[in-house]
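The values are calculated or read from the model by the stated rules, or taken from the named source; none is laboratory data. Note that the structure is a prediction, hence the values are computed from the model and not measured. Cβ coordinates were reconstructed from backbone atoms using ideal geometry, including for glycine residues, and neighbour counts include every protein chain displayed. With ligands, DNA and RNA removed, areas are computed over all heavy atoms of the protein, side chains included. Shrake-Rupley method; radii C 1.70, N 1.55, O 1.52, S 1.80 Å.
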Amino acid sequence: MSAKAKVIVIKKFLVGEWDLLAYAYGTVGRCKIFVRRGFHPEESYCGFFEPFNLLTIDYHQSGDLLILNDLVSAKLYSYLALKSYDRFLWMSKVLQTILRWVAYYDSSIFKLLQSFLLLDVKNHKVFDIKLKVSLTKAMGIYRKVEDSNLASIIERIDQENSPDRLERLRLSDKIYRSINEILEDMLKGTLD
C-alpha cells in the first residue's frame, strides 16, 4: 500500500553501490527514505535528494524505512545554499534544529521550519533565538523567563517581524549563550 508525504531533506548517504538513503522531516515526522538506484547515473533522483529540498514523495513502508515509489514534486531549495557561505550556514542551522528538537509532525511547525529555511540571514544569533522562540511557542512549551533583562530581549526578538530590523539587532556572545541555554532547556522537555 502506498502513501504520499511532503518532506524536507536533511541529509543523504550512499548505501551499497548505487542506492541512496535520505534522512528527512515532514508529514511523516522524522524519517529515513530508501531510494533504489538513487545514485545510479541513469536515474534522476540523486539531485532531488539534496539537503534543504522540499519533496512530495509516493512511498511504501517497510518497518521504520520509507521506500520511494516515485517523486511527485520537488522545490529545489538546495541552490539557495550556494548563494553564500552565510546562507549555507543558516540553512544548516535550521536543519540541525530539526534533527535536534523536532521528531513528530505538526503542520504549523513544518511551515515555520520551511519559512526559516528560506530566509537569507547574516545575523545568525538573533534569528536563531527567533527560530527557537517560535518553535517553543508552536510546540506549546514556552515558559516565562525569570530574568527580566533576558525576557525583554526575547520579547523584542519575538515581536519583531521585519527581517531588516532583526538583522540590525545586536547580541553579545554572553547574552546569546544565556538566552540560547534557556530556550534549549525548554526544548529538552520535548525529548522526555
Single condition Ala24 does not satisfy, out of (1) open to solvent by 20 Å² or more (accessible area, probe 1.4 Å); (2) touching a residue at least 24 places away in the same chain (Cβ under 8 Å); (3) in a strand (DSSP E or B); (4) not basic (Lys, Arg): (1)
Hits in region 63-83 - residues which are in contact (Cβ under 8 Å) with a residue 12 or more places away in the chain and either closer than 13 Å to Lys4 by Cβ or surrounded by fewer than 13 Cβ atoms within 10 Å (Cβ to Cβ) (or both): Asp64, Leu66, Leu68, Asn69, Asp70, Leu71, Val72, Ser73, Lys83
Unmet criterion (only one of (1) open to solvent by less than 60 Å² (accessible area, probe 1.4 Å); (2) over 17 Å from His124 (Cβ atoms); (3) not in a loop (DSSP other than H, G, I, E, B)) for Lys137: (1)
Odd one out for Phe52, checked against (1) modelled with pLDDT under 95; (2) closer than 29 Å to Leu187 by Cβ: (1)
Residue selected from region 27-57 under the condition in contact with a helix residue (DSSP H, G or I) (Cβ under 9 Å, 6 or more places away or on another chain), open to solvent by less than 50 Å² (accessible area, probe 1.4 Å) and assigned to a strand (DSSP E or B), by the criterion farthest from Tyr105 (Cα to Cα): Val35
